[in-house]
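The values are calculated or read from the model by the stated rules, or taken from the named source; none is laboratory data. Everything quoted here is computed from the prediction, not taken from an experiment. As a convention, Cβ positions derive from the backbone with ideal geometry for all residues, glycine included, and neighbour counts pool all protein chains shown. Heads up: the accessible areas ignore ligands, DNA and RNA and are worked out on the full protein's heavy atoms, side chains in. Shrake-Rupley method; radii C 1.70, N 1.55, O 1.52, S 1.80 Å.
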Amino acid sequence: MKFAVKAWSNGGARAGILHLGTSTIDTPSLLLSTRKGLPHFISPDLLSCLPSPESRLLHVSPLHFLEGLSMKTISKIGGLHQLLGLHDHCFVSVPRDSIQCLPEANSTNKIGASFETPCGRLLIKPVEYMEMISSTRPELWATLADEVPAWVSDKRNKTSVDRTIKWLDECISLSPASGAVFGAIVGGSSLEERRRCAQEVATRNVSGYWVGGLGLGESMDERPALLNAVIEALPEEKPRLICGLGLPEEILQGIAAGVDLFESTYIYHLTLGGFALTFPLDRTQINALNLAPSDVGSDPRKINLRATVFRKDTMPIVEGCTCYTCRNHTRAYINHLLNVHEMLAQILLEIHNTHHFLGFFRLIREAINAGRFEEFRKEFVQRWR
Amino acid sequence: MNWPRALLTDSGGFQMVSLLHLADITEKGVTFQSPVDGKPMLLTPEESIQIQNKIGADIIMALDDVVKTTITGPRIEEAMHRTLRWIDRCIAAHKRPHDQNLFGIVQGGLDPVLRDICVRGLVDRNLPGYAIGGLAGGEDKDSFWRVVAQCTATLPEDKPRYVMGVGYPLDIVVCSALGADMYDCVYPTRTARFGTAIVPEGVLKLKHKAMAEDTRPIDPTCACMVCKNYTRAYIHSLVTKDAMGSQLLSFHNLYYMMQLSRNLHSSIVQGKFPEFVCNFLQKMFPKGDIPEWVCNAMEVAEIDISSCCAPFRYIQATKVQSNLNEDEIQAV
């Protein structure tokens, strides 16, 4: 893995280039969320219709495989690339999956991290986690962390930092020859602990940093300070990854603080709800936008295709969108598919939403490169308030 | 749908009878409960054709009075005659005969006399194609193939014969041997959703524990995207739990069925159909224990499958065609 910062904008936002596996990816970038390595709905043959190389970073939680597939078998097959038939993609493994493998802080103890998963509550020890990493062989992986929600006691929080650092060292000592390590940084909602953890991890021999423990109960207002406390202690030239920030405003918050890679469940939740993103990505579209509040109902950023108003709407989700869904299908058709409970609805929505959200990241990178990220961010937040 | 290839729509008759709670059939049409709001609705032959005209598929189906083959009694005869009366109403209501092909459906239960009347009645109407309906509903296989054989023997040679609701690969091979051309079935995708893959040997249940360690593809002889990229172990971890599992298995199963059709077609064109059938049966029944009904059907279809039948089974088959009694056969 190689990473270099190429441009700065006002504040902490930066644009960079990440070389991972066979891919060269511009940051800030989005990791697509997966279930057992493949997207929730987009079939492997349709993955290539997503913009490349931005869509090549896949987030994989090794814990998914505990349901039905042994590490020995995965190893025998040859790791994730062989297992998933995806040779052009890069896998980033973080134990936590914000949809189905949530950290269970009350059950975590000095032996391992507890997660609430579809196979019940599991306690994952560092040595077990490293076995998963060795078998699956992702290009990039984060060390095992003790993530706690924002409301735990100071004592518990402090313990989580000590534990996370200890596990980091254990993981590194067991790390396989290949694959870049990202050190996990926790600290709950305490600025002091966040800083302490970041400072410790910064001294370790890692390729980058995973900011954990966020999106677990802290408010959007609290977050910038916590992020800054962490980022300030980290070297500039190494990349930073964060999970659990979903909404566009949260992403912008993360970027302003200096985060480079994001794993978000936003697309998944939108798709399940029958929503499609529609906020304009074109600057001219933004300027030409003439929204009367009465026109679009409550949220001009997305439409709910279950609504009867779309029954006869023969427009694509977003006119001019070049995604597979908008090139081939109409709002009316997706509305129909949702009504008759056809899986194709989710497939088409996940494609569009992924495409659109990746477009959002592209806009962000453009703004950073042009040195006007803060203006972009203010405008975006203002417009959709 | 943005589908540039051929489309076929059904009349709605079967769906109503099989999927809806109450279907009352009268001369006018079929009354049923609307699945949207529960209100009573009437589907007439005229309306079915009108809707199919609007949808615009290349082949449309007549509304028939369909009864389950497991039913006996006068209802079957009533349904057959009504089907013939309704085909005239369908023909009259059809506004697009030049770009949509209206197929009639042969009914008559398992009664050869009724089936014959129905075939003659439909053939008199000179339709672009004919479907053999009312089967694939749980009747025993021996009755099933005989009805198909009778219909294909009497329907015109130069028009397509469409066996509705069929089906399992074995059924398709047998019906093709008997002279059928088209099929439709939910089997490949439905069985995929339950974690079952269609393979040359029959089926493979991916849910089974043994699959968790199996690093082979579903079918090593299959060239589909799923068999080329995924192991049984991985699919096992997905099936019945993740939507992706249903997708990948459906993909394989559909590919399998299309490959089967392609192979049937090319083997016939190349004059190697009997070999293909033998090969197919050998893979599915390696011990030679081919079901009797298949042997009987192939006999009538004049396809020699003796090379893949275990000897005892073949004798059982010939019993059907001869007048030998039990003792005489034992002596052979």
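So that you can scan it fast, the table gives a plain yes or no per residue for (1) under 16 Å from A:ASP282 (Cα atoms); (2) of a type outside the set (D, E, K, R); (3) not in a helix (DSSP H, G or I):
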site: A:ALA332; (1), (2), (3): no, yes, no
site: A:LEU338; (1), (2), (3): no, yes, no
site: A:GLU342; (1), (2), (3): no, no, yes
site: A:LEU349; (1), (2), (3): no, yes, no
site: A:THR354; (1), (2), (3): no, yes, no
site: A:PHE361; (1), (2), (3): yes, yes, no
site: A:ARG365; (1), (2), (3): yes, no, no
site: A:GLY371; (1), (2), (3): no, yes, yes
site: A:PHE380; (1), (2), (3): yes, yes, no
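For segment A:326-371, the candidate set comprises residues that are within 14 Å of another protein chain (Cβ to nearest Cβ) and β-branched (Val, Ile, Thr); within that set, the residue that is most open to solvent (accessible area, probe 1.4 Å) is A:VAL340. Meeting the requirement of 1 or more residues that are out of contact with any Lys or Arg (no Cβ under 6 Å at 6 or more places or on another chain) and modelled with pLDDT of 95 or more, the helices (runs of 4 or more DSSP H) wholly within segment B:251-332 are B:273-284, B:292-300. Can you name the residue in segment A:1-24 that is touching a residue at least 60 places away in the same chain (Cβ under 8 Å) and among the aliphatic types (A, V, I, L, M) and is also nearest to A:PHE361 (Cα to Cα) among such residues? Top of the filtered list is A:ALA15. Scanning segment A:245-262 for residues being part of a loop (DSSP other than H, G, I, E, B) and open to solvent by 20 Å² or more (accessible area, probe 1.4 Å) gives a total of 1. Annotation note: Cβ proximity below 7 Å between a residue of segment A:114-139 that is within 23 Å of A:ASP88 (Cβ to Cβ) and a residue that is open to solvent by less than 10 Å² (accessible area, probe 1.4 Å) and aromatic (Phe, Trp, Tyr) (sequence gap 6+ or interchain) occurs for A:ILE133/A:TRP141; A:PRO138/A:PHE91; A:GLU139/A:PHE91.
Does A:LEU83 meet the test of being crowded, with 23+ Cβ neighbours inside 10 Å and in a helix (DSSP H, G or I)? Explain how you work it out, then say what you get.
Details: crowded, with 23+ Cβ neighbours inside 10 Å: yes; in a helix (DSSP H, G or I): yes.
Here the answer is yes, as A:LEU83 does meet what is asked.
Filtering segment A:169-220 to residues that are within 25 Å of A:SER153 (Cβ to Cβ) and either among the hydrophobic types (A, V, I, L, M, F, W, C) or outside the structural domain of A:PRO138 (by the TED database) (or both) leaves A:ALA184, A:ILE185, A:VAL186, A:LEU191, A:CYS197, A:ALA198, A:VAL201, A:TRP210, A:VAL211, A:LEU214, A:LEU216, A:MET220. Each residue in segment B:240-257 was checked for being more than 9 Å from chain A (Cβ to nearest Cβ), of a type in the set (A, V, I, L, M) and surrounded by 20 or more Cβ atoms within 10 Å (Cβ to Cβ), and 1 pass. Residues of segment A:24-71 that are within 14 Å of chain B (Cβ to nearest Cβ), buried (at least 21 other Cβ atoms within 10 Å of the Cβ) and polar (S, T, N, Q): A:SER33, A:THR34, A:SER61. In segment A:304-323, of all residues being open to solvent by less than 70 Å² (accessible area, probe 1.4 Å) and without any contact (Cβ under 8 Å) to a residue 24 or more places away in the chain, the one that is nearest to the chain's Cα centre (by Cα) corresponds to A:PRO316. Looking across segment B:211-238, the residues that are more than 9 Å from chain A (Cβ to nearest Cβ), closer than 20 Å to B:MET257 by Cβ, part of a loop (DSSP other than H, G, I, E, B) and not polar (S, T, N, Q) come down to B:PRO217, B:ILE218, B:ASP219, B:PRO220, B:CYS222, B:ALA223, B:CYS224.
The criterion of at least 1 residues that are open to solvent by 70 Å² or more (accessible area, probe 1.4 Å) is met by the following helices (runs of 4 or more DSSP H) wholly inside segment A:153-241: A:154-173, A:191-202. The set of residues from segment A:72-125 being of a type in the set (Ser, Thr, Tyr), under 21 Å from A:THR265 (Cα atoms) and away from chain B (no Cβ under 14 Å) comprises A:SER93, A:SER98, A:SER114.
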